[in-house]
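*Asks:* Sharing a structure, written as structure tokens. Questions coming.
The values are calculated or read from the model by the stated rules, or taken from the named source; none is laboratory data. Computed from a prediction, not measured in an experiment: that's the story for all the values here. Glycine also receives a Cβ, built like all others from the backbone with ideal geometry; neighbour counts cover every protein chain displayed. We work out accessible area using only protein heavy atoms, side chains counted, and drop any ligands, DNA or RNA first. Shrake-Rupley method; radii C 1.70, N 1.55, O 1.52, S 1.80 Å.
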Amino acid sequence: MTPTKQTPPISFDVFTAGLWKENPVFVMMLGLCPVLAVTNSVLNSLAMGIASIFVLVCSNALVSALRHFIPKQVRITTYIIIIATFVTLVDYMIQAISLDLYNKLGAFIQLIVVNCLILGRAEAYASKNTVMKSIVSALGMGLGFTLALVMLGGVRELLGAGQLLGYQIFSTQFEPWVVMILPPGGFIVLGSWLLLINYVQQRKIGKLIAMESASHCAVKT
Amino acid sequence: MSTPENSVPELPSSTKLISTLALVAMISGLLVVSIYEYTKPIIAENQRLATERAIFKVLPQAVSRLTFVVKNQTLVLADDKTEGDLIYAGYDKNKQFVGVALNAAAQGYQDTVKILYSYQPKTSCITGFDVLKSTETPGFGTKITTDKAFLANFKCLEAKVNSEQTQLLNAINTTRHGSKQHPWQIDAISGSTITSNAIGRMLNQSGQRLHPIVMQNLTRLQQGTANDTD
């Protein structure tokens with residue numbers, strides 16, 4: 001009897017990996033162009049995040065569904081066609097929902113096509129896994145990407161305009177840090193978040209090592 | 001003797017490659033056409049509302065407006081769906097003519113930038129604009145709507161028509177930041193030069209074509225609906 005190839009079941013880890021442990025922005029540093037460009041407000045960040053989630057989930061689902069049919073030689077071309085299709089759909093949908101939002105997001109909606117996060121997930125994950133698993137993973141990655149965008153957008157809007165989601169947070173005496181809503185502000189805030197996240201992680205690792213060595217000494221004595 | 005390590009993997013046939021791309025392209029086309037057809041009327045309505053908002057934004061004294069289309073150098077009353085050069089005339093609460101709003105477009109950094117601007121025939125000034133369509137880079141090209149020094153150009157940007165009423169007396173142009181010398185020049189934004197130039201270019205093109213027609217038909221615009229024949 002020939003052994004049947006069994007696929008591992010969908011675990012919660014598939015979903016949560018993209019949220020934090022393998023966050024596309026803070027860990028994998030993917031798709032940084034829109035991350036730096038459109039995160040000058042929370043609303044723009046959310047809109048870009050939701051658009052990216054839609055493209056990521058739909059393209060990964062279709063790539064996964066067609067994975068046995070797509071020959072290796074034309075896979076990248078096919079993935080790009082699939083991604084470009086969903087980006088075009090998002091482009092029309094945003095125009096139908098709000099022209100103001102469409103104007104604010106500028107060319108970055110169309111540029112989702114070349115976001116390496118989406119093509120990367122299609123090639124590295126969706127083309128090797130089942131449709132359901134690809135959707136769950138894409139959803140986690142997309143939410144992780146959106147979380148990172150909102151974390152950047154929140155800080156930049158708060159310091160750059162004294163507002164959050166358009167609501168005034170700081171008093172009128174607060175002088176906005178205009179640099180924060182300009183492109184250099186994107187670099188400054190991204191760098192600061194990376195610094196903070198790495199510092200917290202290093203401390204966590206340090207504590208774990210200390211605890212392990214303490215328990216090792218206790219066992220010896 | 002060939003071993004499994006150095007054997008060349010068999011290539012799929014061209015038919016298979018072509019059929020794969022054809023199938024994917026077919027799915028893609030079907031999805032795009034479906035969404036395009038579904039969103040087309042919604043987008044058109046959004047654009048109409050955006051134009052409506054823009055007209056009253058650039059002509060703040062106006063409470064009502066009429067749409068005209070240019071036909072053989074004359075103005076004919078039209079609706080917003082009419083194709084052609086549209087001229088929106090604004091009227092205050094006493095039905096007095098307060099100015100016109102005109103469309104202009106030019107190639108920006110990413111794509112075509114479309115604006116609606118106000119022109120006051122009485123003072124021959126362009127007094128403001130609103131962006132209808134722009135996909136310029138956020139933080140750079142989008143500064144045209146937020147940069148105070150740039151917007152100061154439009155307190156009264158001179159757009160006088162010559163005495164023969166055939167073209168602008170002085171062509172509108174954009175100058176390097178800080179080097180504006182004449183009232184018909186636009187001081188560019190440092191860091192958004194391409195979009196600033198696009199604004200100057202589109203205002204000049206639209207002004208050269210439409211301002212003489214506005215001046216030739218000024219009485220018609222001031223009368224509003226009184227003498228409508230269409």
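*Asks:* Given the conditions (1) more than 10 Å from chain A (Cβ to nearest Cβ); (2) modelled with pLDDT under 90; (3) in a loop (DSSP other than H, G, I, E, B), which single one is not true for B:Gln61?
*Replies:* Unmet condition: (2).
*Asks:* Out of the residues in region B:16-30 that are at the interface with another protein chain (Cβ under 7 Å from one of its Cβ atoms) and polar (S, T, N, Q), state the one that is least open to solvent (accessible area, probe 1.4 Å).
*Replies:* B:Thr20
*Asks:* From the list B:Val69, B:Val33, exactly one residue is at pLDDT 90 or above and surrounded by 13 or more Cβ atoms within 10 Å (Cβ to Cβ). Which is it?
*Replies:* B:Val69
*Asks:* Just checking, does region A:82-93 include any residue being part of a loop (DSSP other than H, G, I, E, B) and either under 18 Å from A:Phe54 (Cα atoms) or more than 10 Å from chain B (Cβ to nearest Cβ) (or both)?
*Replies:* No, region A:82-93 contains no residue that is part of a loop (DSSP other than H, G, I, E, B) and either under 18 Å from A:Phe54 (Cα atoms) or more than 10 Å from chain B (Cβ to nearest Cβ) (or both).
*Asks:* One residue is enough: does region A:71-81 have a residue meeting the conditions within 12 Å of chain B (Cβ to nearest Cβ), more than 13 Å from the chain's Cα centre (by Cα) and buried (at least 21 other Cβ atoms within 10 Å of the Cβ)?
*Replies:* yes
*Asks:* Of these, B:Val32, B:Val70, which one is more than 26 Å from A:Ile81 (Cα to Cα) and either assigned to a strand (DSSP E or B) or out of contact with any Cys (no Cβ under 6 Å at 6 or more places or on another chain) (or both)?
*Replies:* B:Val70
*Asks:* Condition test on A:Ile118, is it away from chain B (no Cβ under 13 Å) and open to solvent by less than 50 Å² (accessible area, probe 1.4 Å)?
*Replies:* yes
*Asks:* Taking only pairs six or more apart or across chains, which ones have beta-carbon atoms under 8 Å, a first residue in region B:32-58 that is facing chain A (nearest Cβ under 10 Å), and a second residue that is small (Gly, Ala, Ser) and outside any helix (DSSP H, G or I)?
*Replies:* Short answer, once both residue conditions are applied: B:Asn46/A:Ser98.
*Asks:* Looking at A:His68 and the list (1) touching a Phe, Trp or Tyr at 6+ places or on another chain (Cβ under 8 Å); (2) within 14 Å of chain B (Cβ to nearest Cβ); (3) more than 26 Å from B:Thr135 (Cβ to Cβ), which single condition is not satisfied?
*Replies:* For A:His68, the failing item is (1).
*Asks:* Those residues that are more than 8 Å from every other protein chain (Cβ to nearest Cβ) and free of Cβ contacts under 8 Å to residues at least 24 places away in the same chain, I need them from region A:101-113; list them, please.
*Replies:* A:Tyr102
*Asks:* Would you be able to tell me the number of residues in region B:115-133 that are open to solvent by less than 10 Å² (accessible area, probe 1.4 Å) and within 14 Å of chain A (Cβ to nearest Cβ)?
*Replies:* Result for region B:115-133: 2.
*Asks:* Okay, moving on. Go through region A:51-77 and give me each residue that's touching a Leu at 6+ places or on another chain (Cβ under 7 Å), assigned to a helix (DSSP H, G or I) and free of Cβ contacts under 8 Å to residues at least 40 places away in the same chain.
*Replies:* Across region A:51-77, the qualifying residues are A:Gln73, A:Val74, A:Thr77.
*Asks:* Being more than 14 Å from chain B (Cβ to nearest Cβ), over 21 Å from the mean Cα position of the chain (by Cα) and surrounded by 10 or more Cβ atoms within 10 Å (Cβ to Cβ) is the filter here, so list the residues in region A:165-198 that pass it.
*Replies:* Within region A:165-198, A:Gly166, A:Gln168, A:Ile169, A:Phe170, A:Phe174, A:Trp177 meet the criteria.
*Asks:* Pick from region A:9-50 the residues that are outside any helix (DSSP H, G or I) and of a type in the set (Ser, Thr, Tyr): which of them is most open to solvent (accessible area, probe 1.4 Å)?
*Replies:* A:Ser11
*Asks:* Would you check which residues across region B:144-162 are open to solvent by 50 Å² or more (accessible area, probe 1.4 Å) and either in a strand (DSSP E or B) or at pLDDT below 90 (or both) and list them?
*Replies:* B:Thr145, B:Thr146, B:Lys148, B:Ala149
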